[in-house]
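The values are calculated or read from the model by the stated rules, or taken from the named source; none is laboratory data. These numbers come from a predicted model, not from an experiment. Cβ atoms come from the backbone with ideal geometry, glycine included; neighbour counts cover every protein chain shown.
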Amino acid sequence: MRKHGNEFKVGLFFVLCIVGLVYLTFSTGKVNVKKEGYRIYALFDEVAGLNKKAPVALNGLEVGKVEDIRVVYDGDTTKIKLTLWLAKEAKVRENPVISIKTMGLMGEKYIQIASHEGKEFVAEGSVFDGKPYMDLDVVMEQAQSLTKDIGGLTEEVKKIAVNVNDTVSENKESVNRIMESIEITTRNFEDFSADIKMHPWKILFKTKEEQIRERKVR
């Protein structure tokens, strides 16, 4: 009895493991059984390690998978053609933007379809050009180049600042005299404005000194 009891426990454990494995397989959405859908195609210059069965998201919601990846030759160009399987209820509007995105810390690649506006929906079998993938290494190289450019610009600004300081120091007395003249002129103008406000008729009538000066000139 004990022997048969142990065999029963092992068998039950094995069956539970199989059931759990099947549940996980279907719950992750990697297998679509008896689910209707349609296919569209996307062309990329490179896919950056994207694999078959990778998720396809419509505006951030997973609605399908990458069914096939193959190399195609069109004249002088080489492209990667993706077959995207989408669930029947996931309708994509015209002029979608299809791009490769990275998911999570592990860097898993997936397809993102951005489709927000459009009167019509794309038909099954439509082919679209994918948005070029921006590799992280390329981004880092561009960031380093930009950092160098900013560093060079900072050095140039420092040199200009030093030259300005030197120029100001060498002409300090002249600058001080100019500033004093500006202050005096400002005070005189303020006094003149205050006097005009108090005696606005002065603008219309000439002073006695001006009249005497005109007579001498005549």
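Observations on the model:
- All strands (runs of 3 or more DSSP E) inside region 52-140 with 2 or more residues being touching a Ser or Thr at 6+ places or on another chain (Cβ under 7 Å) and under 19 Å from E36 (Cα atoms): 61-74
- In region 47-63, the residues that are surrounded by 13 or more Cβ atoms within 10 Å (Cβ to Cβ), of a type in the set (A, V, I, L, M, F, W, C) and closer than 16 Å to P96 by Cβ: V56, A57, L58, V63
- Boolean, V164 is farther than 27 Å from T102 by Cβ and either at pLDDT 70 or above or in the same structural domain as A57 (by TED's automatic domain parsing) (or both): no
- Look at region 51-75: where a residue is hydroxyl-bearing (S, T, Y), no partner that is part of a loop (DSSP other than H, G, I, E, B) sits 6+ places away or on another chain with Cβ atoms under 6 Å.
- Note on region 100-115: among residues that are at pLDDT below 90 and in contact with a strand residue (DSSP E or B) (Cβ under 8 Å, 6 or more places away or on another chain), the one that is nearest to E62 (Cα to Cα) is M103.
- Residue in region 27-45 that is touching a helix residue (DSSP H, G or I) at 6+ places or on another chain (Cβ under 7 Å) and modelled with pLDDT under 85 present: yes
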